[in-house]
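Okay, so here's the structure we're looking at.
The values are calculated or read from the model by the stated rules, or taken from the named source; none is laboratory data. Note that the structure is predicted; figures quoted are calculated from it, not measured. In this analysis, Cβ positions are derived from the backbone assuming ideal geometry, glycine residues included, and neighbour counts consider all displayed protein chains.
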Amino acid sequence: MLIIFSVFAAIIPMSIYLVLIWKFDRYDREPFKLVLINYFWGAFGAIVLAVIGSFILTAIASFFIKDDIQLSRFGAIVVAPIIEEITKGLFLLITLSSKKFDNITDGIVYGGAIGLGFGMTENFLYFVSYGESIPNWIALVIVRSLFSGVMHCVSTATLGSFLGLAKFKSMGKKIFYAFTGLIIAMLIHSIWNSSLSYDNTAPIGFIFMILSIIIFISTYAVSIKGERKIIFNELKEESENGIIPESHLVILSSTQRERKGWLDEKTRKTYIKAATTLAFRKVQLKNSNGASKVYYEMDVDNYRSFIGKLLSNKNNV
């Protein structure tokens, strides 16, 4: 029964967080299939690599640290943050190559998904290993669901946001942003683990995580606002060129786009998706070069043509 309850206690909270993060990205939502792939990497792939990496690094450290308590603390404060943030972040480098991954918001969603997947599996292992009594198990579920699991989300989402910021930068800046994001992710992880490694520092850890979560939510909200601005600014040019009606600009860049009645329902959702994609393709075009630039140029032209045909029916405008 402990295992069954632990499975549900591990899966349900992290899955709810995952859906919320994905749904909150309302203007240029990522394909849920790709978000799930990142989630499962965190839950399985990153976990396996982290166990192997932690075992090796801890074994090396044991030659220099003989005290078991100190070795355990070193593992929690140094080894775990380094190994786990690297193994979680590895898959982000693969996802980064996707045409859908093009800004800070995307990095937060994909990074957060990996972190939540990792937190889900780690929570389950903690629940079945340390839930020695019902009160103890309940306390573990509460703390790890509200803080430890979320810490993995925040730390890897931080790395993801920096990778999103770096995608269209020069190689030197890409390396700088990626390294900076990784270091910050490791620090968030290390500070949280450090606070739990000593009896009198746990309250500081909880305050730190609450502040980290607030910063995470605020950053995500600002990033979403930035997407609205991109949609409005990029589609303004399309409006001036007669491709998109001027009356649609404010609607397409706000939550008004979700209401019915302003466009034929048969084409409204298709139009919203096409117009949004066009806006972000234009940004990608401005920041790309070489073969990627040619691809985005063709894509921008295709979306302009598609939208023009979609709106050619008078009933749609």
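Taken together, Gly172, Gly242 contain a single residue that is of a type in the set (Gly, Ala, Ser), out of contact with any Phe, Trp or Tyr (no Cβ under 7 Å at 6 or more places or on another chain) and in a loop (DSSP other than H, G, I, E, B), which is Gly242. Go through Glu122, Glu132 for me and flag whichever is buried (at least 19 other Cβ atoms within 10 Å of the Cβ) and of a type in the set (Asp, Glu). Of the residues listed, the single one that is buried (at least 19 other Cβ atoms within 10 Å of the Cβ) and of a type in the set (Asp, Glu) is Glu122.
Across segment 77-117, the number of residues qualifying as within 24 Å of Gly226 (Cα to Cα) and of a type outside the set (D, E, K, R) comes to 19. Taking the criterion of being touching a Leu at 6+ places or on another chain (Cβ under 7 Å) and either free of Cβ contacts under 8 Å to residues at least 24 places away in the same chain or in a helix (DSSP H, G or I) (or both), the residues of segment 158-169 that qualify are Leu159, Gly160, Leu163. For segment 179-202, the criterion of being of a type outside the set (Lys, Arg), surrounded by 13 or more Cβ atoms within 10 Å (Cβ to Cβ) and assigned to a loop (DSSP other than H, G, I, E, B) is satisfied by at least one residue. Considering segment 28-82 alone, what residues qualify as being aromatic (Phe, Trp, Tyr) and assigned to a helix (DSSP H, G or I)? Within segment 28-82, Phe32, Tyr39, Phe40, Trp41, Phe44, Phe55, Phe74 meet the criteria. Ser218: in a helix (DSSP H, G or I), under 16 Å from the mean Cα position of the chain (by Cα), outside the structural domain of Ile142 (by TED's automatic domain parsing) and within 14 Å of His152 (Cα to Cα), yes or no? Criteria not met by Ser218. Here the condition is being crowded, with 17+ Cβ neighbours inside 10 Å and more than 14 Å from the chain's Cα centre (by Cα); of Tyr39, Tyr27, it holds for Tyr27 alone.
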